[in-house]
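The values are calculated or read from the model by the stated rules, or taken from the named source; none is laboratory data. These numbers were taken from a predicted model, which means no experiment stands behind them. Don't worry about glycine lacking a Cβ; one is built from the backbone with ideal geometry, like all the others, and counts go over all protein chains shown. Heavy atoms of the whole protein, side chains included, go into the accessibility calculation; ligands, DNA and RNA do not. Shrake-Rupley method; radii C 1.70, N 1.55, O 1.52, S 1.80 Å.
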Amino acid sequence: MKLTKKSKKKVAKLPSDPSRLAILSVHYSAKALVGCDAVLARLAEGRTELLDSETFTGPSSLEDARSWLEQHLAARTVVMLAGSDVICRTMTLPPASPDQLEMALRLQVENLLLGGAARWRTNASLLPTNDPDRQRIGLMVEWTMSSAGPSLPASFADQTEIVYAPPIAALVALVTGAIAQGSHESLAVYLERAVGAISIAYSDGLHSAFRTLREDGSDPDEWRASIIRGAGETLLLADVPETSIQLILNALRAVLNEQSDGLIAPLSGGIQSFQTLAQSSKADQSWWQRNGILLGTAIALGGPLARIASLKAKAIVANEGILARIISAASTPKTATRIAVAAILILALAPPVLSGGRLAYLQWRLPDAAAYERTLIRSDQQTAMYREYENHAWPMGKLLGDLASATPEGIELESISISQGSPIVLQGSAKPQGSNSAAEAILLMERQLRESRVFDRIEKNWDAPNANGVIKFTINTTVANPSLVPNYPESQDFARRTLRDRRYGPAETDAGSTASPMNRGTPTASTSATDATGEPVVEPTTPSSTSTPSSTTTPSSTTTPSSTSTPSSTTTPSRTSARTKVMTTPNPTGPTTPATENQPSAGQSDLATGDDSRALKRRGTPAGGSAAPDTARRGRGTATSDATVLPPPLTNEQIAAMTQAEAREALGRVSRARGTPGIDDASEARLRAEFYLLLEQAKKK
């Protein structure tokens, strides 16, 4: 037997009628839905027509009402708010054109609200009048944010447009409509004892008063007294004469003895005057008591009060994003419950799942975790050990380097005492350097020690200078940061620029190129020329020097007529290493005798002083670096003139335009010329002046 599925035929949904609207009043008891009343009306050509009304009871009353509205093709649904959820205010406006009145009303509303309420929950309307020359009354209603309003199923929003209306809007429509139909005065009161809300509207054509208030409706007598008191206060606010107030209150008392809930029209002809406002309205008094407020809302929506009867629960968004739709869907109780259960499951299961996945990944990436842990522990132990060494052991070699970098030229250290945990004691002598005195050299060393931040608490002590300006001093300092590596400037960093380069410039090879640092300490000798007698002259190109804290220069040389000599010297970082020149001269009566002179090289000439030149002059040796022929032949008593040629005069502008290398080269020529014997006083004075100017220019960078 072949089974076939029977599919239900989809019933085509009829389009709704835009002129039809449904008004619902939802009733609760102890926050539980007990029923709702519904009225179906049509708005056409400014008239309101009652089409049908129905009452639904039970927990499913709203679903039943939705089906009823769908059957009657209602395009809009208006839900009644409780009177206690709404605040109403009246405003008096001067007579003006409609546009000016609308502008004034909007300004009044903004002045009253001051941004304290949502715009979609607030609105205002001008009350209708038969005399445009009189003052106009504006009514503003505000649905408070603390009130959520009646809860409706989501199916309502899917099928119809939903707006909310306060009871005061219906009462104003009924009262003003009755006055417009010719009634002398009209009073309408809507009572909601379940929530303790009272809405009052009164008008006699000259005076109007509208009010909503909340009272306790648990006690019947107190509830009736509250209604009477509220109605009297409202009439007093409208400047109604006291005699009329008393008559109105007496009529209200008489009605309250029989009815304490729903719509009340205590004045004569009240309900009958309301019946003429809508077509096909019913004349049953009990129907008006229960559904009159709903029909009054339909009348308000068909007239100038439509704005205060069309409040919205939330702002209307034209293109609602996905996030807003998710939030809107999550606001329903069923969806919110599902989200809460899913969140609890995620919070309970996610941590162990993530931890297990992380553990599995680590085991895959690191199979031998125990060996890796042992390596980490050993590395941590070594790091701790090195840290302890750093805190409790001093790097002596580094500290000596820091002391050398902080020692300026002119300071000769004779003794350095370093002991772990004790102050460092430095002893030495300071010599004048150019225009700087020995005391200034000591102060410069103190400043450089302090700026290195390696040393602290520097104490200095020195003796009086001797005849040559030399000062013996002692400096005590503590080690503050033994492991700190200062960023010394190039003028103090001897690793970037050695003392030899500072004093004599870069060393040059035989071909005239700059010698590399690897070749600067290697002594080499070459036979450069022969003197005037034909004897060879041997000169080492670069002396060997080794820097130690305190040493003396000891040249050692041995020469023969056919061999070269290699001097050996050891110098301190602050002492000058002199080039040793060895010459051989023939002796007619004996063997060849070597003649050794300590001469400053071309790179050293920038440190020569006037006293050095005069000393060389007294010894009869020229400062240019080679012995004169007459000096070589001094033993034979023969004098031959071979004097060094004097350099041409230099102006201050020419000296100022020289580079450092050019100044050093010119300084060497001037220094050699100053040692020439037999120069006149004018040339001596000129050379001395040029010497000091070139010395200052060579010091500039």
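Observations
- Among the criteria (1) more than 25 Å from ARG496 (Cα to Cα); (2) under 49 Å from the mean Cα position of the chain (by Cα), the one SER435 does not fulfil is (2).
Residue-wise test of (1) of a type outside the set (Asp, Glu); (2) crowded, with 21+ Cβ neighbours inside 10 Å; (3) modelled with pLDDT of 90 or more.
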residue	(1), (2), (3)
ASP642	no, no, no
ALA661	yes, no, no
GLU665	no, no, no
GLY675	yes, yes, no
ALA689	yes, no, yes
LEU695	yes, no, no
LYS699	yes, no, no
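- Only one of PRO128, PRO98, PRO132 that is in contact (Cβ under 8 Å) with a residue 40 or more places away in the chain and open to solvent by 30 Å² or more (accessible area, probe 1.4 Å): PRO128
- Checked against the criteria, GLY232 counts as outside any loop (DSSP other than H, G, I, E, B), small (Gly, Ala, Ser) and closer than 17 Å to ASP204 by Cβ.
- For region 168-202, the set of residues classified as open to solvent by less than 10 Å² (accessible area, probe 1.4 Å), assigned to a strand (DSSP E or B) and over 26 Å from ARG119 (Cα atoms) consists of SER186, LEU187, ALA188, VAL189, LEU191, TYR202, listed by residue number.
- Inspection of region 60-77 identifies at least one residue that is hydrophobic (A, V, I, L, M, F, W, C), open to solvent by 40 Å² or more (accessible area, probe 1.4 Å), modelled with pLDDT of 85 or more and closer than 25 Å to ALA313 by Cα.
- Scan of region 430-459 for residues that are over 17 Å from LYS398 (Cβ atoms), surrounded by fewer than 16 Cβ atoms within 10 Å (Cβ to Cβ) and in contact with a strand residue (DSSP E or B) (Cβ under 6 Å, 6 or more places away or on another chain), ordered by number: ARG457, GLU459
- Condition check for ARG89: within 30 Å of ARG211 (Cα to Cα), over 55 Å from the mean Cα position of the chain (by Cα) and either surrounded by fewer than 18 Cβ atoms within 10 Å (Cβ to Cβ) or charged (D, E, K, R) (or both): no
- Looking across region 219-254, the residues that are hydroxyl-bearing (Ser, Thr, Tyr) and farther than 18 Å from CYS88 by Cα come down to SER226, THR243, SER244.
- Filtered by the rule that a residue be in a loop (DSSP other than H, G, I, E, B), within 30 Å of GLY182 (Cβ to Cβ) and at pLDDT below 90, region 122-167 gives LEU127, PRO128, THR129, ASN130, ASP131, PRO132, ASP133, ARG134, GLN135.
- Sub-6 Å Cβ pairs linking a first residue in region 145-156 that is over 17 Å from ALA329 (Cβ atoms) to a second residue that is aliphatic (A, V, I, L, M) and open to solvent by less than 30 Å² (accessible area, probe 1.4 Å), at least 6 apart or interchain, are GLY149/LEU81; PRO150/VAL26; PRO150/VAL79, ordered by first then second residue.
- Each residue in region 362-416 was checked for being open to solvent by 80 Å² or more (accessible area, probe 1.4 Å) and either small (Gly, Ala, Ser) or within 30 Å of ARG503 (Cα to Cα) (or both), and 2 of them qualify.
- Which numbered condition GLN275 misses (of (1) closer than 19 Å to GLY46 by Cα; (2) buried (at least 22 other Cβ atoms within 10 Å of the Cβ)): (2)
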